[in-house]
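Data first, discussion second: the structure below is written as structure tokens.
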Amino acid sequence: MRGAPRDSIFRRLRPNEPPDTWHQVTITMKGITMKLVNTLAPRGAGAGRRIAAFAALATTVALVATGCAAATPGDDAGSDGEGTTEALSIAFLPKQLNNPYTDVVLSGGEAGTEEIGGEYSVVGPLEASASSQVSFINTLTQQGTKVIVIAANDPDAVGPALEEARAGGAKIVAFDSDTNPDYRDVFISQVVSKDVALIQVEQIAEQIGGSGEIAILSATANATNQNEWIKFIEEELASNPEYADITLVAKVYGDDDDAKSFQEAQGLLSAYPNLKGIISPTTVGIAATARYLSTTDYKGKVALVGLGLPNEMREFVKDGTVKEFALWDPAQLGYVAAFAGQALVDGTITGAVGDTFMAGELGEKEVGEGGIVIVGPPTRFNADNIDDYDF
Ligand code: RAM
């Protein structure tokens with residue numbers, strides 16, 4: 001293994017680390033790696049200000065990334081130590097750049113790529129619409145990128161472009177949000193999809209006392225991951241007699257846009273005055289909904305569960321808006337994706353069930369049914385443990 005020795009990237013799981021690298025995007029251009037960090041947003045600042053500041057920053061990043069998309073080597077790329085082999089180019093294409101969740105995932109992707117001795121880059125759109133990733137894939141294909149790691153905004157819209165990339169020799173690793181399985185070699189999934197759904201149903205049922213109206217506030221309507229989780233949530237509500245008194249009255253979409261998610265939360269409460277709880281299986285949606293609830297009489301009365309970043313949710317757990325939510329360590333997702341890309345390129349795996357590869361400090365990973373690699377279990381965050389996490 002090449003690359004400089006370093007501490008574990010999963011340092012965020014250690015308590016009391018300073019949040020100094022919290023919002024960051026790294027881009028590599030003409031041999032120079034730039035880290036853009038939102039230092040305007042210390043932990044505990046208002047979420048609105050924080051997200052607005054980062055959105056402005058990310059606009060710059062996306063424009064730069066569009067212009068030079070991902071072709072150039074990282075700090076220590078370009079040599080295998082003997083000066084003969086070209087570094088493996090691994091390009092990450094998240095659903096959208098201006099999403100704090102993406103930043104954490106990418107920090108793991110960068111660390112994994114560095115550990116492999118690969119050439120890391122990031123490109124991506126600023127909004128998660130179905131077709132927004134196609135032009136980025138085309139550029140990566142033209143540049144001969146060896147591994148494209150993609151979180152799909154739509155399982156099929158990216159298909160033809162990914163097929164072309166593969167025809168040119170690229171390996172495709174889906175992560176976070178899957179493509180149609182025909183278009184990728186493996187999918188790195190944070191957790192077992194059904195488990196993500198079940199934990200959220202359990203949490204909402206606990207918090208509303210087992211009966212009443214609930215709603216779902218999701219990301220975009222096309223997102224594969226969100227739709228998979230919602231499908232399992234609906235199935236569980238319909239089939240488990242424990243949940244017979246819970247009624248799902250609405251599903252709305254905040255498009256992983258802070259302002260739209262905030263408005264959708266507001267809209268839900270005015271359209272459904274008897275609403276007892278909201279499930280938001282997206283980090284953007286749950287933070288925006290918490291911010292809305294925290295300033296209204298609904299605070300502490302309407303339950304809010306879902307998937308959130310501890311650093312974004314901390315203030316709402318402390319002020320009593322939110323009792324408990326869930327997530328996993330997003331950095332592990334990017335980290336494992338980088339190693340999967342390398343394993344595909346060097347032929348260790350093909351994406352067949354039972355294939356195994358080593359993912360650095362996370363050890364051996366196995367490809368399961370459907371070409372899916374599961375990374376880790378979900379964690380519940382509440383007032384008792386939220387200060388132990390820093391991501
Ligand atoms: C949002 C995105 C992402 C999802 C997380 C939990 O940031 O929609 O795809 O996995 O939430």
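Bear in mind that the values in this text are calculations on the coordinates, not laboratory data. This structure is a prediction, so every number in the text was calculated from the model and none was measured. Here Cβ is always computed from backbone atoms with ideal geometry, including for glycine, and neighbour counts include all displayed protein chains.
What the table below lists for this structure:
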{"quantity": "Proxy reagent accessibility, fewest Cβ within 10 Å first, across LYS323, LYS318", "calculated": "LYS318, LYS323"}
{"quantity": "Packing-based exposure ordering (other Cβ within 10 Å, fewest first) of PHE187, PHE391", "calculated": "PHE391, PHE187"}
{"quantity": "Placed amide H near ALA359: partners under 5 Å, 5+ positions off or other chain", "calculated": "GLU364, LYS365"}
{"quantity": "Distant-in-sequence amide H partners of ALA151 (H built 1.01 Å from N, under 5 Å)", "calculated": "LEU93, LYS95, PHE175"}
{"quantity": "Local electrostatic count, PRO155, Cβ distance below 11 Å [Lys/Arg +1, Asp/Glu -1]", "calculated": "-4"}
{"quantity": "Ascending count of other beta-carbon atoms within 10 Å, so fewest first, for MET313, MET358", "calculated": "MET358, MET313"}
{"quantity": "Rounded, prolate or oblate (a/c below 1.5 giving rounded, otherwise prolate when a/b exceeds b/c) for the stretch 193-327 by Cα gyration tensor", "calculated": "rounded"}
{"quantity": "Size of charge dipole - the stretch 334-391 - debye, nearest 20, with Cβ of Lys, Arg +1 and Asp, Glu -1, no other charges", "calculated": "220"}
{"quantity": "Dipole moment magnitude, nearest 20 debye, the stretch 193-327 about Cα centre, only Lys, Arg, Asp, Glu C-beta charged", "calculated": "300"}
{"quantity": "Alpha carbon convex hull of the stretch 213-290, volume per residue in cubic angstrom", "calculated": "77"}
{"quantity": "Signed unit charges on C-beta, dipole axis of the stretch 193-327, positive-most listed residue LEU248, ALA259, PHE325", "calculated": "ALA259"}
{"quantity": "Summed side-chain charge close to GLY254 - residues other than GLY254 whose Cβ falls under 13 Å, Lys, Arg +1, Asp, Glu -1", "calculated": "-3"}
{"quantity": "Under-5 Å amide H pairs with SER89, H placed in peptide plane, nonlocal only", "calculated": "GLU119, LYS146, VAL147"}
